[in-house]
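The values are calculated or read from the model by the stated rules, or taken from the named source; none is laboratory data. None of the values given here were measured: they were computed from a predicted structure. No Cβ is skipped: glycine too gets one built from the backbone with ideal geometry, and neighbour counts run over all protein chains shown. Note: accessible area is taken over every heavy atom of the protein model, side chains too, but ligands, DNA and RNA are not part of it. Shrake-Rupley method; radii C 1.70, N 1.55, O 1.52, S 1.80 Å.
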Amino acid sequence: MARIEAELKGKAKIDRENRDLNLEMMREKAKESRETVLEAIKTAGSVVGSATNALLTDRNKLYAAATGITVAAAGIYVAKNSVGVAARFIEARLGKPSLVRETSRFTAVGFLRNPIKTTKMFIGKPKDPLEGIVLKPTLEERLRDVAIVTKHTKKNKGFYRNILFYGPPGTGKTMFAKSLALNSGMDYAIMTGGDVTPMGRDGVTAMHKVFNWANSSRRGLLLFVDEADAFLRKRSTEQISEDLRATLNAFLYRTGEQSKKFMLVLASNQPEQFDWAINDRIDEMVEFDVPSLPERERMVRHYFDKFVLEPSFDSKSRIKVEELDYGEKCTEIARRTEGLSGREISKLGVAWQACAYAAEDGVLTEKMIDERVADAIAGHAKKVIWETDQHAVSYKSAAAAASTPV
């Protein structure tokens, strides 16, 4: 028992000695670490102090350091802002503003979608601005003058004139605007006033983007605004929202002076609704009316040839035409379609073609032709009634508002 007790005491003594030894070793290591860190701090401080002293005492080194810091800061600033500038440049040159529905101007997306069409647009020669457009002789003569003036204005880098095309829908306003731009060597862009109103607060920004984009065109841009009366209304009498009023003001601000970069062409069915400031920006007004009998006959022949006769001569097409006197039939149709617009007559050609496709044998008969004409005339009569009723309701509303005591 005494032996065991002695062994235990000896072991405990050895453990205490070992622990004391370990503690002493840890203290020595901690002391060495503190001395190493302090020595490093002293050395670094000495180096930094020496460098700072040398920098402050030597003006050349001080100027060099200041210049280096300034250049580094400027580099960071330029790099940060150049990304935004580059993005805006790419958007102005290659991007298409959201308000622009259609354009002949080169865009990366447009080229990828239609590379052949885009290439032809650039290498193609200018054509007759009235090619494929049937109008009254007096109107055609006037529009040729407009085309000549625009072409020479572009060639001589003069100021473009702003034009108003007014008249019923489907009378060739948009078609001629496109042709006018291409004949003059300009790009065209089409926007519609109906797209502006729903934009709300974003309308002002979108409008400025359109004109920034137009001003960046190297070829000159014909900006065609269809249904312009939808947002260019009278500010004094019309009930318009503050957002639309602000958008109209932005439009007026960007069109306050004549431009060498873009030509403004407005199209409207109701030009009497324009704000007076818009009227003040219009240099010339051209009326497009529904075609008279000679023009209707030319149109019927043109669209009958385009949609019926020409496909019937193609061996791959299944369209065939019943034997009849085409000239006499076209004259008859022209007499029956009084009041129809050019667009409505062009749709007749498409309807005749569809009838031939739907026929079992692919033959377009005289009966089919007459039926489609009758449908078009009846449809036009309904549209006239609807428009008359709409005007009557508007007149009654205006009269009621005027008679209401304030």
query: How many residues are hydrophobic (A, V, I, L, M, F, W, C), out of contact with any helix residue (DSSP H, G or I) (no Cβ under 7 Å at 6 or more places or on another chain) and closer than 25 Å to PHE262 by Cα if we restrict to segment 230-251?
result: 1
- line: THR205 vs (1) touching a residue at least 24 places away in the same chain (Cβ under 8 Å); (2) of a type outside the set (Gly, Ala, Ser); (3) under 26 Å from GLY256 (Cβ atoms): all pass except (1)
message: ILE240 - would you say it is modelled with pLDDT under 90, among the aliphatic types (A, V, I, L, M) and not in a helix (DSSP H, G or I)?
response: yes
statement: Exactly one of ASP305, ASP289 is surrounded by fewer than 22 Cβ atoms within 10 Å (Cβ to Cβ) and without any contact (Cβ under 8 Å) to a residue 24 or more places away in the chain, and that one is ASP305
task: Quick one: which helices (runs of 4 or more DSSP H) lie wholly within segment 243-344 and hold at least 2 residues that are among the basic types (Lys, Arg) and closer than 26 Å to ALA356 by Cβ?
output: 293-304, 326-336
field: Pairs with Cβ under 7 Å, 6+ apart, first in segment 259-276 and of a type in the set (Phe, Trp, Tyr), second at pLDDT below 95 and open to solvent by 30 Å² or more (accessible area, probe 1.4 Å)
entry: PHE262/ASN215
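Is it true that GLY172 is at pLDDT 90 or above, surrounded by 21 or more Cβ atoms within 10 Å (Cβ to Cβ) and either touching a Lys or Arg at 6+ places or on another chain (Cβ under 6 Å) or among the basic types (Lys, Arg) (or both)?
no
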- line: Of the residues in segment 207-233, those that are part of a loop (DSSP other than H, G, I, E, B), open to solvent by less than 60 Å² (accessible area, probe 1.4 Å) and within 14 Å of ILE278 (Cα to Cα) come to PHE231, LEU232
Unmet requirement for GLY167, which otherwise passes all of (1) modelled with pLDDT of 90 or more; (2) farther than 30 Å from THR205 by Cβ; (3) open to solvent by less than 80 Å² (accessible area, probe 1.4 Å); (4) out of contact with any Ser or Thr (no Cβ under 9 Å at 6 or more places or on another chain): (4)
query: Within the bounds of segment 279-294, is there any residue that is aromatic (Phe, Trp, Tyr) and over 28 Å from ILE133 (Cα atoms)?
result: no
message: Contact list please: Cβ distance under 7 Å, first residue in segment 337-350 and open to solvent by less than 30 Å² (accessible area, probe 1.4 Å), second residue among the aromatic types (Phe, Trp, Tyr) and not in a loop (DSSP other than H, G, I, E, B), pairs at least six apart or on different chains.
response: ILE345/TYR303; SER346/TYR303; LEU348/TYR303; GLY349/TYR303; GLY349/PHE304; GLY349/PHE307
